[in-house]
1. Please indicate, with yes or no, whether at least one residue in region 85-99 is surrounded by fewer than 21 Cβ atoms within 10 Å (Cβ to Cβ), touching a Phe, Trp or Tyr at 6+ places or on another chain (Cβ under 6 Å) and either of a type in the set (Val, Ile, Thr) or farther than 27 Å from Val196 by Cβ (or both).
2. Any residue in region 97-109 that's free of Cβ contacts under 8 Å to residues at least 24 places away in the same chain and under 17 Å from Val162 (Cα atoms): show its pairings with residues that are of a type in the set (Phe, Trp, Tyr) and crowded, with 24+ Cβ neighbours inside 10 Å at Cβ separation under 8 Å, as long as the two are six or more apart or on different chains.
3. Got a number for residues in region 40-70 being within 15 Å of the chain's Cα centre (by Cα) and outside any loop (DSSP other than H, G, I, E, B)?
4. Need at least 2 residues that are touching a strand residue (DSSP E or B) at 6+ places or on another chain (Cβ under 6 Å) and either on the phi > 0 side of the Ramachandran plot or of a type outside the set (A, V, I, L, M, F, W, C) (or both) per element, so show me which strands (runs of 3 or more DSSP E) inside region 71-140 make the cut, counting only ones lying wholly within it.
5. Checking Val37 against (1) modelled with pLDDT of 95 or more; (2) part of a strand (DSSP E or B), which single condition isn't satisfied?
6. Would you be able to tell me the number of residues in region 151-167 that are part of a strand (DSSP E or B) and either among the polar types (S, T, N, Q) or surrounded by fewer than 18 Cβ atoms within 10 Å (Cβ to Cβ) (or both)?
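The values are calculated or read from the model by the stated rules, or taken from the named source; none is laboratory data. The shown structure was predicted, so the numbers you read here are calculated from the model rather than taken from an experiment. Note that we place each Cβ from the backbone using ideal geometry, even for glycine, and neighbour counts take in every protein chain shown.
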Amino acid sequence: MNNNFIKIIPWIREKNHWSEEVGVNKRIQIKGTNNQVIISNDAIFHNLQIIIHGNNNKLVIANKCLVSGFIEMFGSGNEITIGQGTGILGVGLTAHAGKYIKIGEKCLIARGTDIRTTDSHPIWDEDGKRINPDDSIEIGDRVWIAPETKILKGTIIGNDVVIGTRSLLNKSIIPSNTLAAGSPAKVVRENITWSV
């Protein structure tokens, strides 16, 4: 089993996977080969669960990140990257079927937000063609995502964006320096920025 881990925590090898309780309400479980988990030494976890099932997956959590919630990767060739200084609080990240989630630097993603590259279950048309394929997600730098937002497959969010509470983004393209809200989310204001 060739899994790479870069973090100063004691890893325990069990039969065909790695699993470790790393403090109160923190768990990392990896099943498969050639997976990489790269976590900066100054990243802070609270109530975090990381589950990776598959091969050749990669998780990168950069410097000065605060992360809570769950991170899941199922299948092979997935990648989740969380940029420097980003706060993810009570958020779910799910990558599936060789897709990626890229979150930029200095983002703030609030509780109850769900970011998914997949619908989890395939839907087929009468000819046997899948009509809901998985797709990657890109979130730029300095993006503030308010609570209980759903960001689904194929979404691209620019830099310096605010997404309103309980918005739904599915295959959405949100330009930089905008405020978007609603279900489905639409740009409601342009030429904006935000601060903590």
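1. yes
2. Filtered contacts from region 97-109: no entries.
3. Within region 40-70, the subset within 15 Å of the chain's Cα centre (by Cα) is 45, 48-52, 57-62, 65-70.
Subsequent filtering for residues that are outside any loop (DSSP other than H, G, I, E, B) retains 45, 48-52, 58-61, 66-70.
Of the residues in that region, 15 qualify.
4. Numbers: elements: 79-82, 87-96, 100-103, 114-116, 137-139.
Where strands (runs of 3 or more DSSP E) fall fully within region 71-140 and carry at least 2 residues being touching a strand residue (DSSP E or B) at 6+ places or on another chain (Cβ under 6 Å) and either on the phi > 0 side of the Ramachandran plot or of a type outside the set (A, V, I, L, M, F, W, C) (or both), they are 79-82, 87-96, 100-103, 114-116.
5. All conditions are met except number (1).
6. Keep residues of region 151-167 that are part of a strand (DSSP E or B), which gives 151-152, 156-157, 161-163.
From the residues that got through so far, the ones that are either among the polar types (S, T, N, Q) or surrounded by fewer than 18 Cβ atoms within 10 Å (Cβ to Cβ) (or both) too are 156.
Qualifying residue count for the region: 1.
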